[in-house]
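Chemist: Pasting a structure below so you can have a look.
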Amino acid sequence: MSTFYLTTPIYYVNARPHLGHACTTIMADAMCRYRRLAGDRVYFLTGTDEHGERIAQVAAAAGKSPQAYADEIAGVFRDTWRRLGITNDDFIRTTEPRHRKVVQEILQRLHDAGEIYFGEYGGWYCYGCERFYTEKEIVDGKCPDHQTALTFIKEKNYFFKMSRYQAWLIKHLEDNPGFIQPDRYRNEVLGFLREPLQDLSISRPRSRLQWGIPLPFDDQYVTYVWFDALINYYSAVSDGRERTRGLWEHVEHLIAKDILKPHGVYWPTMLKAAGIPLYRRLNVHGYWSLGGSKMSKSVGNVVEALQLTDKYGHDAFRYFLLREMNFGLDASFSEEALVDRLNADLANDLGNLASRATTLIAAAGPAAPVGAPAEAADRDIAVAAADARAAVEQAMRDFAFQKALGALWSFIGTVNRYVDTSAPWALAKDPARRPRLERVLCTLADSLGFLGIMLDPFLPDAARKIREALGRSEPPALEAAVVGQLSTVPRVSKISGLFPRIDTKTPRSGPLPKGERESSTLSPGVRGQGEGSRKIPITDFQKVELRVAEVLAAERVAKSRKLLKLTIRVGEETRTLVAGVAEHYEPENLVGRKVVVVANLEPATLMGVESNGMVLAAEHEGTLSLLTLDKDLPSGAKVK
Ligand SMILES: [Zn+2]
């Protein structure tokens with residue numbers, strides 16, 4: 001068993017929780033759940049940063065004492081994380097005595113060791129960031145973060161001799177490539193260090209600011225908020241409790257890139273000077289952009305995270321954040337993109353698999369032991385599961401949530417295709433094939449059991465529902481995530497509506513013959529019921545313009561299992577449409593074919609490709625067949 005201690009930044013209480021906070025906290029939660037699943041000893045810390053000028057100002061503006069104001073906002077953060085199902089083990093506030101005590105001890109130790117001196121400094125200061133900016137960092141005379149004017153401040157303060165650690169830190173970063181990851185951020189810190197490193201002002205005069213931790217060696221000064229805040233990671237686990245013993249040497253931090261410099265430069269030099277072991281690793285993620293502007297803890301443009309989770313569910317919100325962002329890079333957030341992911345990945349791929357598989361298994365009833373041996377197709381599923389698990393393990397070493405989820409969705413796609421090709425609904429019609437049916441259902445139950453474990457860190461609610469449907473009440477464990485050992489068809493309860501599809505204003509209308517849209521929510525045998533029972537007048541049919549079209553080019557749509565992008569000619573006109581036939585036709589086999597299309601559909605965008613029309617196809621029990629002509633007619637010919 002290894003030990004894993006992970007921190008989020010402590011969030012500054014000048015603002016209520018927003019998407020940026022939620023993203024970091026959800027990533028940390030997914031990582032901690034994963035490490036618990038793997039059997040590790042885990043300690044997950046979050047909290048709030050409550051001192052400093054901005055808090056004093058915001059509290060004064062609200063007519064409150066800074067403490068009362070901080071209490072209120074810290075409460076909002078706590079409640080938010082509780083509502084989002086965040087599994088933090090501790091929540092530290094920098095106004096707590098346990099923290100204040102450690103900050104003062106470290107200050108005293110540094111002062112005694114001659115690491116702190118009294119001096120005067122004049123510089124350009126941003127009140128929003130609560131830090132000085134060097135000439136190099138200033139952009140057009142403004143704060144690079146806030147784009148607001150800076151103020152020149154000259155005052156006597158205490159300074160930490162950070163400059164003397166510059167050469168040491170450069171060497172440490174060069175000798176320990178994994179100290180800051182991804183690599184781009186290590187390089188960025190090395191970039192800062194190419195310029196002379198200044199000493200760090202660690203105090204503010206009390207005449208100007210009351211709201212902070214008093215320096216133990218001069219009560220006319222309070223501690224600079226960054227120096228105070230960074231120490232939380234250490235103070236939270238240095239209280240001598242059994243629960244926190246032995247954690248510090250395993251600490252890893254997770255931050256967004258806006259606070260790289262304090263974490264990548266100030267913090268390691270502070271630890272080094274204080275004789276405290278360094279953190280193991282700093283993990284840095286990018287920004288979410290929204291309407292073209294970045295979102296950080298200090299710039300507005302806030303999405304009310306809670307509103308979206310209430311609207312679409314915690315799992316869908318988590319999934320989007322973890323899947324859409326390539327760890328370390330920026331990503332763009334929109335409600336539409338969230339809904340697309342929800343519909344395509346969750347409702348369609350995962351939701352349909354859970355629903356189809358449990359419906360089929362429940363209909364057949366339990367069986368033990370299964371009569372037929374595993375065939376190649378069943379063994380392929382076991383191999384795919386082992387591959388997916390290995391890929392998840394590899395990805396999670398580097399916080400690459402998007403890769404972990406990509407691997408699991410590739411497995412889900414494999415199992416969906418296995419359902420189509422093994423056609424259990426057809427096997428069920430033939431009593432002689434009952435043993436084979438049982439083997440297929442056993443493989444499906446096994447695959448669901450695997451997903452009920454592997455999805456737990458990412459989609460905790462859905463994973464629990466899957467486990468419950470399979471009657472599994474034991475806590476999930478990574479070591480049990482193996483496919484191919486089950487030899488019974490368990491009793492299951494049907495799962496329906498694991499992720500209900502969201503109707504969008506511009507529906508993904510048209511271009512899909514089935515598959516991507518309603519797909520196989522029901523088992524195929526059930527799907528057709530009720531269809532075609534309603535009569536329509538011929539005038540309704542005449543609204544639909546059907547034409548013969550020639551396929552000029554065909555290619556797969558990136559990241560889509562089902563979609564092909566077709567370039568077609570309809571008479572004189574060339575246009576693009578997207579068809580959900582990728583699982584049934586190779587693109588090269590479609591070129592030159594004449595097909596039938598609905599020519600007068602409103603355009604729709606699917607996976608980023610605009611589709612103008614819809615190809616007609618017939619579908620039965622997982623087999624799909626394009627409508628073609630039995631005599632050659634020119635493209636553009638009317639179909640009626
Ligand atoms: Zn600023």
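Chemist: If I ask for residues that are out of contact with any strand residue (DSSP E or B) (no Cβ under 8 Å at 6 or more places or on another chain) and either without any contact (Cβ under 8 Å) to a residue 12 or more places away in the chain or farther than 22 Å from TRP288 by Cα (or both), which ones from the range 16-51 would you list? Before the answer, list the steps.
Modeler: Applying the first criterion (out of contact with any strand residue (DSSP E or B) (no Cβ under 8 Å at 6 or more places or on another chain)) to the range 16-51 yields 16, 22, 26, 30, 33-34, 37-39.
ARG33, TYR34, LEU37, ALA38, GLY39, listed by residue number.
Chemist: Next question. Criterion first (open to solvent by 40 Å² or more (accessible area, probe 1.4 Å) and either in a helix (DSSP H, G or I) or on the phi < 0 side of the Ramachandran plot (or both)) does VAL370 satisfy it? Give the derivation first.
Modeler: Details: open to solvent by 40 Å² or more (accessible area, probe 1.4 Å): no; either in a helix (DSSP H, G or I) or on the phi < 0 side of the Ramachandran plot (or both): yes.
So VAL370 fails the test.
Chemist: With the condition kept exactly as written, say whether any residue in the range 70-86 is open to solvent by less than 60 Å² (accessible area, probe 1.4 Å), within 16 Å of the ligand (Cβ to nearest atom) and either without any contact (Cβ under 8 Å) to a residue 24 or more places away in the chain or within 37 Å of the chain's Cα centre (by Cα) (or both).
Modeler: So the first thing to find is which residues in the range 70-86 are open to solvent by less than 60 Å² (accessible area, probe 1.4 Å), and the list is 70, 73-77, 80-81, 84-86.
After this cut, where a residue has to be within 16 Å of the ligand (Cβ to nearest atom) as well, the list is none.
Taking every residue of the range 70-86 in turn, none turns out to be open to solvent by less than 60 Å² (accessible area, probe 1.4 Å), within 16 Å of the ligand (Cβ to nearest atom) and either without any contact (Cβ under 8 Å) to a residue 24 or more places away in the chain or within 37 Å of the chain's Cα centre (by Cα) (or both).
Chemist: What are the residue pairs meeting all of these: first residue in the range 135-150, first residue free of Cβ contacts under 8 Å to residues at least 60 places away in the same chain and on the phi < 0 side of the Ramachandran plot, second residue more than 11 Å from the ligand (Cβ to nearest atom) and of a type in the set (D, E, K, R), Cβ atoms under 8 Å, and 6 or more apart or on different chains?
Modeler: Close Cβ pairs (under 8 Å, with a partner that is more than 11 Å from the ligand (Cβ to nearest atom) and of a type in the set (D, E, K, R)) amount to LYS136/GLU195.
Chemist: Right, something else. In the range 581-630, which residues are in contact (Cβ under 8 Å) with a residue 12 or more places away in the chain, closer than 19 Å to LYS559 by Cβ and among the acidic types (Asp, Glu)?
Modeler: GLU583, GLU610
Chemist: Now, a different point. Can you pull out the residues in the range 209-268 that are over 24 Å from GLU115 (Cβ atoms) and free of Cβ contacts under 8 Å to residues at least 40 places away in the same chain?
Modeler: Result: GLY240, ARG241, GLU242, ARG245.
Chemist: Right, another one. Please go through the range 118-127 and give me each residue that is under 40 Å from the mean Cα position of the chain (by Cα), free of Cβ contacts under 8 Å to residues at least 60 places away in the same chain and open to solvent by 70 Å² or more (accessible area, probe 1.4 Å), ordered by number. Lay out the reasoning, then the answer.
Modeler: If we filter the range 118-127 for residues that are under 40 Å from the mean Cα position of the chain (by Cα), which is where we start, we get 123-127.
Cutting the leftovers down to free of Cβ contacts under 8 Å to residues at least 60 places away in the same chain gives us 123-126.
Answer for the range 118-127, where residues must be under 40 Å from the mean Cα position of the chain (by Cα), free of Cβ contacts under 8 Å to residues at least 60 places away in the same chain and open to solvent by 70 Å² or more (accessible area, probe 1.4 Å): just TRP124.
Chemist: Run LEU329 past the list (1) farther than 27 Å from PRO431 by Cβ; (2) of a type outside the set (Val, Ile, Thr); (3) part of a helix (DSSP H, G or I) and report the number of the one that doesn't hold.
Modeler: The single condition LEU329 does not satisfy is (3).
Chemist: Still on this model: Within the set of pairs 6 or more residues apart or between chains, which connect a residue that is in contact (Cβ under 8 Å) with a residue 60 or more places away in the chain and within 16 Å of GLY449 (Cα to Cα) inside the range 358-376 to a residue that is among the small types (Gly, Ala, Ser) and part of a loop (DSSP other than H, G, I, E, B) with Cβ atoms less than 9 Å apart?
Modeler: THR358/SER493; THR358/SER496; THR359/SER496; THR359/SER523; LEU360/ALA428; LEU360/SER523; ALA362/SER493
Chemist: Here is a further query. Using the structure shown, decide if GLU195 is open to solvent by less than 30 Å² (accessible area, probe 1.4 Å), more than 31 Å from the chain's Cα centre (by Cα) and acidic (Asp, Glu). If you could, list the steps in order and put the result at the bottom.
Modeler: On the way: open to solvent by less than 30 Å² (accessible area, probe 1.4 Å): no; more than 31 Å from the chain's Cα centre (by Cα): yes; acidic (Asp, Glu): yes.
So GLU195 does not fit the description; no.
Chemist: Quick check on this structure: which one of LYS543, LYS565, LYS559, LYS535 is modelled with pLDDT of 90 or more and among the basic types (Lys, Arg)? Don't jump to the end; show me each part of the working.
Modeler: Numbers: LYS543 fails: modelled with pLDDT of 90 or more; LYS559 fails: modelled with pLDDT of 90 or more; LYS535 fails: modelled with pLDDT of 90 or more.
Answer to the check: LYS565.
Chemist: Related question: Here is a list of conditions, (1) surrounded by fewer than 16 Cβ atoms within 10 Å (Cβ to Cβ); (2) within 16 Å of the ligand (Cβ to nearest atom); (3) within 37 Å of the chain's Cα centre (by Cα), and ASN187 meets all of them except one; can you say which number that is?
Modeler: (2)
Chemist: Only one of these is among the basic types (Lys, Arg) and within 19 Å of ASN232 (Cβ to Cβ): ARG35, ARG54, ARG41. Name it.
Modeler: Values: ARG35 fails: within 19 Å of ASN232 (Cβ to Cβ); ARG41 fails: within 19 Å of ASN232 (Cβ to Cβ).
Among ARG35, ARG54, ARG41, only ARG54 is among the basic types (Lys, Arg) and within 19 Å of ASN232 (Cβ to Cβ).
Chemist: With (1) within 16 Å of the ligand (Cβ to nearest atom); (2) farther than 22 Å from HIS51 by Cβ as the list, and GLY114 as the residue in question, which single condition is left unmet?
Modeler: GLY114 satisfies all of (1) within 16 Å of the ligand (Cβ to nearest atom); (2) farther than 22 Å from HIS51 by Cβ except (1).
Chemist: Also, I was wondering about something else. Tell me the residue from GLU130, GLU155, GLU115, GLU174 that is open to solvent by less than 50 Å² (accessible area, probe 1.4 Å), out of contact with any strand residue (DSSP E or B) (no Cβ under 7 Å at 6 or more places or on another chain) and either closer than 21 Å to LEU193 by Cα or touching a residue at least 40 places away in the same chain (Cβ under 8 Å) (or both), please.
Modeler: Numbers: GLU155 fails: out of contact with any strand residue (DSSP E or B) (no Cβ under 7 Å at 6 or more places or on another chain); GLU115 fails: out of contact with any strand residue (DSSP E or B) (no Cβ under 7 Å at 6 or more places or on another chain); GLU174 fails: open to solvent by less than 50 Å² (accessible area, probe 1.4 Å).
One residue alone meets the criteria, GLU130.
Chemist: Would you please name the residue that is nearest to the ligand (Cβ to nearest atom), looking only at residues in the range 133-143 that are open to solvent by 50 Å² or more (accessible area, probe 1.4 Å) and under 34 Å from the mean Cα position of the chain (by Cα)?
Modeler: The extreme case among them is LYS142.
Chemist: Then there's this: Out of the residues in the range 144-175 that are touching a Leu at 6+ places or on another chain (Cβ under 9 Å) and under 17 Å from HIS263 (Cβ atoms), state the one that is farthest from the ligand (Cβ to nearest atom).
Modeler: HIS172
Chemist: Based on this model, can you work out whether TYR125 counts as out of contact with any His (no Cβ under 6 Å at 6 or more places or on another chain), more than 15 Å from THR269 (Cα to Cα) and within 13 Å of the ligand (Cβ to nearest atom)?
Modeler: On the way: out of contact with any His (no Cβ under 6 Å at 6 or more places or on another chain): yes; more than 15 Å from THR269 (Cα to Cα): yes; within 13 Å of the ligand (Cβ to nearest atom): yes.
Against the criterion (out of contact with any His (no Cβ under 6 Å at 6 or more places or on another chain), more than 15 Å from THR269 (Cα to Cα) and within 13 Å of the ligand (Cβ to nearest atom)), TYR125 qualifies.
Chemist: Step by step: first the residues of the range 302-340, then only those that are charged (D, E, K, R) and open to solvent by 50 Å² or more (accessible area, probe 1.4 Å), then the one that is modelled with the lowest pLDDT. Which residue is that?
Modeler: Within the range 302-340, the first condition is being charged (D, E, K, R), and the residues that meet it are 304, 310-311, 315, 318, 323-324, 330, 335-336, 340.
Among the residues that remain, those that are also open to solvent by 50 Å² or more (accessible area, probe 1.4 Å) are: 304, 310-311, 324, 330, 335-336, 340.
Numbers: GLU304: 61, ASP310: 82, LYS311: 85, GLU324: 95, ASP330: 91, GLU335: 83, GLU336: 85, ASP340: 93.
Ranking the candidates gives GLU304 first.
Chemist: Just for helices (runs of 4 or more DSSP H) wholly inside the range 399-512: which have at least 2 residues that are under 29 Å from VAL609 (Cβ atoms)? Let's see the steps before the verdict.
Modeler: Details: elements: 401-422, 424-427, 434-454, 460-469.
Of the helices (runs of 4 or more DSSP H) lying wholly inside the range 399-512, those with at least 2 residues that are under 29 Å from VAL609 (Cβ atoms) span 401-422.
The values are calculated or read from the model by the stated rules, or taken from the named source; none is laboratory data. Note that the structure is a prediction, hence the values are computed from the model and not measured. Please note: Cβ atoms are built from the backbone with ideal geometry, for glycine as well, and neighbour counts cover all protein chains shown. SASA here: full protein model, heavy atoms, side chains in, ligands and nucleic acids out. Shrake-Rupley method; radii C 1.70, N 1.55, O 1.52, S 1.80 Å.
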